[in-house]
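Inspection log for the structure reproduced underneath, given as structure tokens.
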Amino acid sequence: MKPNMTTPEALLPKGVKDFLPRKAAKIDYLTDTLKTLFHQWGFRPVVPPLLENLDVLEAGLGSGLQSQTFRFDDRQGGRLVAVTPDITPQVARIVATRMQDLPLPLRLCYTGRVLRHTEQQAGKDRELFQAGVELFGLDSPEVDAEMIVMAIEGLRRVGAEEFTIDLGQVEFVRAILHDLPLADSVIDDLREALMRKDSSSLKATLARTDLEPQRRDELLALPRLFGGIEILEKAEEIVVTPRAREALDNLRQVIGHLDKDLVENYITFDLGEIRGLDYHTGVTFQGYLPGIGRAVCSGGRYDNLTDRYGRSLPATGFSFNLLNLLFALDQSLDRRAEQMTDVLLYQEGENKVPAQRLARALRENGFSAARDMLKRPMEESLAYARQMNYRYLMAITDEQQPVRLLTVKDGSEQTVDFTDLENGHFDLSG
Amino acid sequence: MSDWITFALPKGRIMEDSMELFGQIGITCPEMAKPSRKLVFENREEKFRFMAVRATDVPTYVEYGCADLGVVGRDTLLEQGKDLYEPLDLKFGYCRLVVAEPKELCQGDDPASWSNIRVATKYPNITERYFAAKGIQVELIKLYGSIELAPLVGLSERIVDLVSTGGTMKANNLVEVETIAEVTSRLIVNRASLKTKHRRISRIIHDLEQVVGDEVRIST
């Protein structure tokens, strides 16, 4: 059957998109801005491949991401290969297997796309754009704090004014759930209830058990342990499990390295969150912007991941989800990411050499310039320039005549000497 | 804008029950008392907004963050499996999700020996999961209403549907054979809102927890 060419949607698989210039310019802006930030913080780029051997990749993925992986048969190797759903395990693999001789710490960054299967529902993205950093070889709370500061700086750079960074410590819940003298099916029910912060079901499930009161109270407190810094004191009062208290201490140490104003205005805590990636081992965080229900950045400590590739290193990192940022900041990016071309060159007649010379001169002087190569009246050329985001139209007759310089926005006009233009003696800053 | 709290509520009885409960913790909307065909109501002083939507759409509005909070039956949540927080059972709107079949079939029928059965339902996901867990293959027939009709006209042998008093089942000569889940209305919360508006939302959850009793209620 011939593919349906009548509607553009029928041409693409579900969950992937074409981005036209306006949106694509915004994605470019986000990518470039974050790359610059990473560079300024001393992070150096790595570019992992799109395809990985499935068994190698899976060593670094938790069960959640494993089930979301796109996999294929590799005709050249007879193995199963996969398009990675997460770049962090790839960077961990590279560090563990190829960078042993470099001194620590290693600061690495990347931008790239990943694919993830999602539940069958229209409109959910399956292709994710990520830009992230990974820091290997340091394990102090100060480092975790620095990652948070960096995420906040990134959000500010791309133009986010209001945001929340939600902190958790995965060992906290893990410790409370660890070693419960309960059947697996009951623990599954508890996890399910915790995931939904469903106190009612949690209570009902616990009522069927004969758990000691202290541990029961710990579990019952979890769904409500979210909010501002006061939550940490509340947790302190309730929690007795030693490892959970250690996790709490660790979180406090991390906050100790953060500016007080920052904590007050931007940081929230969720100690009962059990979502997240299975490789995380300590403080984790997610960034939220108003008006969007999904996180725009997320990350945290993962001290055991490189070990799965044969080299034990403490590590932490985070990544921005560019499409979520794009969605949340779409309007404010109109201005920031707007891409104008400086000049459209218009020349009538057969001899196009003067236009070519001027275009080259403009580009050499750092301006962007394109030539209108259609035979048409200048009014049409001007209308085209307006629609396609040009700032100026230059109408050229020949080297001897002055060049007409029209401002596209308001149609105002001045004339400039051809030789002055070619020698870079002009000002288009207005 | 971002300091407002928006609720998505299902039109009808559950909305009335919800507003009555919210009234007990001081969340009111005088605008709603006037008869109108509006779908959005506001309490400007307190910065609350209420949207009246279809019950099955409530989780969607909340998942996408158009509403911070919602009230919806657990049946809808189980069926849609969305990524939401469900901090509280509000204990009203009680009913049960059951497997039912005609009286004649029921006599001498042993659920343990079911295989390859045909089931009509509004809840294909729950039904499929339920029977799959029991190792029973089912042919699902998705209907949008009047499920009780299906066995009477031979569309399916059995149905999976909600019952509250059991009146409709009885009138159509059907008997319940198994209960899949007990259903009440739940408070649901958008995941980002819970974090970004945690002060107001924590307060609401905490206050509601104090006024919601232990008794479940049928909403009629």
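The values are calculated or read from the model by the stated rules, or taken from the named source; none is laboratory data. This is a predicted model, so every value here is computed, not measured. Cβ sites come from the backbone with ideal geometry, for glycine too, and all protein chains shown count toward neighbours.
Can you find a residue in segment A:257-266 that is within 14 Å of chain B (Cβ to nearest Cβ) and crowded, with 21+ Cβ neighbours inside 10 Å?
There is no residue in segment A:257-266 that is within 14 Å of chain B (Cβ to nearest Cβ) and crowded, with 21+ Cβ neighbours inside 10 Å.
Residue by residue through segment A:314-332, note down the ones that are surrounded by 24 or more Cβ atoms within 10 Å (Cβ to Cβ) and more than 14 Å from the chain's Cα centre (by Cα).
Correct list: A:Ala315, A:Thr316.
Test each condition in (1) assigned by TED's automatic domain parsing to the domain that holds B:Arg158; (2) part of a helix (DSSP H, G or I); (3) charged (D, E, K, R) for B:Glu79 and report the one that comes out false.
(1)
Looking only at residues in segment A:219-247 that are buried (at least 21 other Cβ atoms within 10 Å of the Cβ) and away from chain B (no Cβ under 11 Å), which one is nearest to the chain's Cα centre (by Cα)?
A:Ala247
Listed here are the residues, each with its yes/no results for (1) more than 10 Å from chain B (Cβ to nearest Cβ); (2) outside any helix (DSSP H, G or I); (3) surrounded by 16 or more Cβ atoms within 10 Å (Cβ to Cβ).
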{"site": "A:Glu153", "(1), (2), (3)": "yes, no, no"}
{"site": "A:Arg156", "(1), (2), (3)": "yes, no, no"}
{"site": "A:Glu162", "(1), (2), (3)": "no, yes, no"}
{"site": "A:Leu182", "(1), (2), (3)": "yes, yes, yes"}
{"site": "A:Ser185", "(1), (2), (3)": "yes, no, no"}
{"site": "A:Asp188", "(1), (2), (3)": "yes, no, no"}
{"site": "A:Glu192", "(1), (2), (3)": "yes, no, no"}
{"site": "A:Ser201", "(1), (2), (3)": "no, no, yes"}
{"site": "A:Arg216", "(1), (2), (3)": "yes, no, yes"}
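Scanning segment B:49-69 for residues that are of a type outside the set (A, V, I, L, M), more than 12 Å from chain A (Cβ to nearest Cβ) and not in a helix (DSSP H, G or I), which turns out nearest to A:Ala328 (Cα to Cα)?
Ranking the qualifying residues of segment B:49-69, first place goes to B:Arg49.
Going through B:Val212, B:Val177 one at a time, which residue ends up being surrounded by 14 or more Cβ atoms within 10 Å (Cβ to Cβ), away from chain A (no Cβ under 14 Å) and either touching a Cys at 6+ places or on another chain (Cβ under 7 Å) or closer than 25 Å to A:Leu202 by Cβ (or both)?
B:Val177
Kindly provide the set of residues from segment B:82-116 that are assigned to a strand (DSSP E or B), aliphatic (A, V, I, L, M) and within 21 Å of B:Ile159 (Cβ to Cβ), ordered by number.
Once the filter is applied, which keeps residues that are assigned to a strand (DSSP E or B), aliphatic (A, V, I, L, M) and within 21 Å of B:Ile159 (Cβ to Cβ), segment B:82-116 yields B:Leu97, B:Val98, B:Val99, B:Ala100.
Looking only at residues in segment A:405-424 that are without any contact (Cβ under 8 Å) to a residue 12 or more places away in the chain and assigned to a strand (DSSP E or B), which one is farthest from A:Gln387 (Cα to Cα)?
In this case the residue turns out to be A:Gln414.
Filter segment A:275-295 for residues that are part of a loop (DSSP other than H, G, I, E, B), within 12 Å of another protein chain (Cβ to nearest Cβ) and over 18 Å from A:Gln68 (Cβ atoms); which is modelled with the highest pLDDT?
Top of the filtered list is A:Leu289.
How many residues does segment A:296-307 hold that are in contact (Cβ under 8 Å) with a residue 40 or more places away in the chain and either within 14 Å of chain B (Cβ to nearest Cβ) or in contact with a Phe, Trp or Tyr (Cβ under 8 Å, 6 or more places away or on another chain) (or both)?
Residues meeting the conditions: 7.
Is there a residue in segment A:130-149 that is within 14 Å of chain B (Cβ to nearest Cβ) and either touching a helix residue (DSSP H, G or I) at 6+ places or on another chain (Cβ under 9 Å) or in a helix (DSSP H, G or I) (or both)?
no
Would you be able to say whether some residue in segment A:412-430 is under 30 Å from A:Leu155 (Cα atoms) and of a type in the set (A, V, I, L, M, F, W, C)?
No, the conditions are met nowhere in segment A:412-430.
Let's see how each residue does on (1) within 21 Å of A:Val16 (Cβ to Cβ); (2) touching a Cys at 6+ places or on another chain (Cβ under 9 Å):
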site	(1), (2)
A:Met99	no, no
A:His117	yes, no
A:Asp125	yes, no
A:Leu128	yes, no
A:Gly154	no, yes
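If I ask for residues that are within 24 Å of A:Pro141 (Cα to Cα) and acidic (Asp, Glu), which ones from segment A:164-195 would you list?
If the condition is that a residue be within 24 Å of A:Pro141 (Cα to Cα) and acidic (Asp, Glu), then A:Asp166, A:Glu171 are the ones that fit.
Residues to consider are A:Phe318, A:Phe327; find the one that is among the aromatic types (Phe, Trp, Tyr), touching a residue at least 24 places away in the same chain (Cβ under 8 Å) and within 14 Å of chain B (Cβ to nearest Cβ).
Result of the check over A:Phe318, A:Phe327: A:Phe327.
When you check B:Gln80 against the structure, is it among the polar types (S, T, N, Q) and away from chain A (no Cβ under 14 Å), yes or no?
The answer is no for B:Gln80.
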